[in-house]
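Enquirer: Take a look at this one; I'll ask things after.
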Amino acid sequence: EPFFLAVGFLKPHLPFVVPKKYWDLYDPNSIPEPAIDHLPEGSPEFAGHVNGELHAYPGVPQSNPLPKEFAKTLRHGYYACVSYIDAQIGRLLDGLDREGLTDNTIIVLWGDHGWQLGDHGLWHKHTNFELATRSPLLISVPGQKTAGQTCSAPVEFVDVYPTLADLCGLPARNDLAGMSLRKYIENPASPMQKVAISQYPRNAGSEGGSVMGYSIRNERWRATFWRQRGGQLIVATELYDEENDPNERVSLHDRSENAAVLESLKKFLPDPAGSAVVPKTVVPEKSGRSAPKEDRDARYDRLYPGKSSLTLEEYLAKQGDKTAATERFGKFDTNDDAVVTRDEFIRSGNR
């Protein structure tokens, strides 16, 4: 019988809590420290953040940078969590073996984002830097002749579904944003066909107000354009040579010899109209169906009457699953200041 199984793991993610045996796998003194502990030369200050998600956890020092020993413990915890999840994935693969399904099952292993461990002075995600936007993607196809090879072409999360559909022989669709990666699986050296686009919002303050950072990555370069929301004005630009500067120490956007590179990547910027907030729609109430879902603005006012913003503690007071709620709080906090405003809460439901 054909089947599809999606398995999501929270780790490696804050809080770094896993059985002690996974911590014991690593000597914390042997774990490398970041190659660069401050923002890249030439980058705008708002490209970083104040580590609000991390600081929202009890017991975390509120300083930036973190105390050296505490930072070492965090990196140790991240490594332990990775090994813990590796073991859980192994249990899944063992289950496929026991059921005799391994030779007839496509397996995709991927992460939804990268992770900063003090790199650029930053922790967790919430940026457009390479370490936050690049994630693992492994695809295993039974009988594949190129098994075990790697491919350096940039791909995107939107490519996963078209790839699975293609490999499973499902009818092709022309209404998808992504593309099948089958050609790269069969020939990892195939010429690059696309760029990978990531985006993350910021408040640029006096430099531009509310902006969206669009980061465009090809095989060598990462260009990030900070554009005012709903408009064309670009208030800041970054450009990194990932081939020669993989740690993103210096933004090369202001070098005249790179003007053509920037222009070639700039053409992939989405239409500003496409980033507008989608108007709310209300499903008409029908007999036998429940009432329309409560608007987020009404929900906020019901749960937190009279409050214009929330700390993590205030938000968690009205939530059930505290771990999941802490993760949501980090997503809502788009400017990473450890406070979620009413506007941030409402807009989070329209993205």
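The values are calculated or read from the model by the stated rules, or taken from the named source; none is laboratory data. Nothing here was measured: the structure is a model prediction, and the numbers come from that model. Because the Cβ atoms are built from the backbone with ideal geometry, glycine has one as well, and the counts that use them run over all protein chains shown.
Enquirer: Restricting the search to segment 248-257, which residues are in a loop (DSSP other than H, G, I, E, B) and out of contact with any Pro (no Cβ under 8 Å at 6 or more places or on another chain)?
Expert: Residues satisfying the conditions are Leu252, His253, Asp254, Arg255.
Enquirer: Tally up the residues in segment 147-176 that are in contact with a helix residue (DSSP H, G or I) (Cβ under 9 Å, 6 or more places away or on another chain), surrounded by 10 or more Cβ atoms within 10 Å (Cβ to Cβ) and of a type in the set (A, V, I, L, M, F, W, C), please.
Expert: Adding up the residues that qualify gives 6.
Enquirer: Report, by residue number, each residue of segment 74-87 that is over 15 Å from Leu138 (Cβ atoms) and surrounded by 14 or more Cβ atoms within 10 Å (Cβ to Cβ).
Expert: Leu74, Arg75, His76, Gly77, Tyr78, Tyr79, Ala80, Cys81, Ser83, Tyr84
Enquirer: Going by what's in this entry, would Leu39 be described as in contact (Cβ under 8 Å) with a residue 60 or more places away in the chain, closer than 30 Å to Gly208 by Cβ and in a loop (DSSP other than H, G, I, E, B)?
Expert: Working: in contact (Cβ under 8 Å) with a residue 60 or more places away in the chain: yes; closer than 30 Å to Gly208 by Cβ: yes; in a loop (DSSP other than H, G, I, E, B): yes.
When the stated conditions are applied, Leu39 passes them.
Enquirer: Report yes if some residue within segment 173-186 is among the aliphatic types (A, V, I, L, M), without any contact (Cβ under 8 Å) to a residue 40 or more places away in the chain, assigned by TED's automatic domain parsing to the domain that holds Ile89 and in a loop (DSSP other than H, G, I, E, B); otherwise report no.
Expert: no
Enquirer: While we're here: If you check Ala189, Ala153, which single one turns out to be part of a loop (DSSP other than H, G, I, E, B), within 21 Å of Leu265 (Cα to Cα), among the hydrophobic types (A, V, I, L, M, F, W, C) and out of contact with any Leu (no Cβ under 8 Å at 6 or more places or on another chain)?
Expert: Ala153
Enquirer: Follow-up question, since we're still on this one. Working only within segment 82-114, note down all residues that are in contact with a strand residue (DSSP E or B) (Cβ under 9 Å, 6 or more places away or on another chain), assigned to a loop (DSSP other than H, G, I, E, B) and more than 22 Å from Glu327 (Cα to Cα).
Expert: Once the filter is applied, which keeps residues that are in contact with a strand residue (DSSP E or B) (Cβ under 9 Å, 6 or more places away or on another chain), assigned to a loop (DSSP other than H, G, I, E, B) and more than 22 Å from Glu327 (Cα to Cα), segment 82-114 yields Thr105, Ile106.
Enquirer: OK, next. Look at segment 53-81 and say how many of its residues are touching a strand residue (DSSP E or B) at 6+ places or on another chain (Cβ under 8 Å) and in contact (Cβ under 8 Å) with a residue 60 or more places away in the chain.
Expert: Going through segment 53-81 one residue at a time, the tally reaches 3.
Enquirer: Here is a further query. Identify all residues within segment 42-61 that are polar (S, T, N, Q) and either within 30 Å of Ala324 (Cβ to Cβ) or outside any loop (DSSP other than H, G, I, E, B) (or both); write none if there are none. Let's see the steps before the verdict.
Expert: Looking only at segment 42-61, we keep the residues that are polar (S, T, N, Q), and these are 43, 51.
Listed by number, the list holds a single entry, Asn51.
Enquirer: Of all residues in segment 1-29, how many are surrounded by fewer than 10 Cβ atoms within 10 Å (Cβ to Cβ) and not in a loop (DSSP other than H, G, I, E, B)?
Expert: Number of matching residues: 2.
One line per residue, one yes/no per condition, for (1) among the charged types (D, E, K, R); (2) in a loop (DSSP other than H, G, I, E, B); (3) at pLDDT below 85; (4) surrounded by 14 or more Cβ atoms within 10 Å (Cβ to Cβ):
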{"position": "Asp297", "(1), (2), (3), (4)": "yes, no, yes, yes"}
{"position": "Arg302", "(1), (2), (3), (4)": "yes, no, yes, no"}
{"position": "Tyr315", "(1), (2), (3), (4)": "no, no, no, yes"}
{"position": "Lys318", "(1), (2), (3), (4)": "yes, yes, yes, no"}
{"position": "Thr326", "(1), (2), (3), (4)": "no, no, yes, yes"}
{"position": "Gly330", "(1), (2), (3), (4)": "no, no, yes, yes"}
{"position": "Asp337", "(1), (2), (3), (4)": "yes, yes, yes, yes"}
{"position": "Phe345", "(1), (2), (3), (4)": "no, no, no, yes"}
{"position": "Arg351", "(1), (2), (3), (4)": "yes, yes, yes, no"}
